[in-house]
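Have a look at the structure below before the remarks.
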Amino acid sequence: VGTSDASPDEGVVEDLPLIDEKAVEQLTEGLISHYLPDLQRSKSALQELTQNQVVLLETLEQEISKFKECNSILDINALFSEAKHYHNKLVNIRNEMMMLHDKTSKLKVSGINI
């Protein structure tokens, strides 16, 4: 009945066999020599991939800036078209005003006061 006070790990250390340190070292070296080349290749592949991504990002940023410049040029072209349209309107208004001035001048010469 008094066994609930005992730790469940009690006596486990005594049950473990003795570990040969040399065997652990050899197993560790074997494990490392087996996986290390693959890990080093993976590391270099990841570094190359990262470098390629950096180059790709820089290229994308340059292309985006080119598209922004193209949009600016299109906006400038639209602005020039609009300016030409309003210039034509002004020329037409000026021509109408000159024509009206000529007509009023002729009417004044004819003796009709306006």
Being assigned to a helix (DSSP H, G or I) and loosely packed, with under 10 Cβ neighbours inside 10 Å is the filter here, so list the residues in segment 91-114 that pass it.
-> Val109, Ser110
Please enumerate the residues belonging to segment 20-57 that are open to solvent by 100 Å² or more (accessible area, probe 1.4 Å) and of a type in the set (Asp, Glu).
-> Glu21, Glu25, Glu29, Glu48
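The values are calculated or read from the model by the stated rules, or taken from the named source; none is laboratory data. Everything numeric here is computed off the predicted structure, so don't read it as measured data. All Cβ positions, glycine included, derive from the backbone under ideal geometry; neighbour counts span all protein chains shown. Remember, those area values only see protein heavy atoms, side chains included, never the ligands or the DNA or RNA. Shrake-Rupley method; radii C 1.70, N 1.55, O 1.52, S 1.80 Å.
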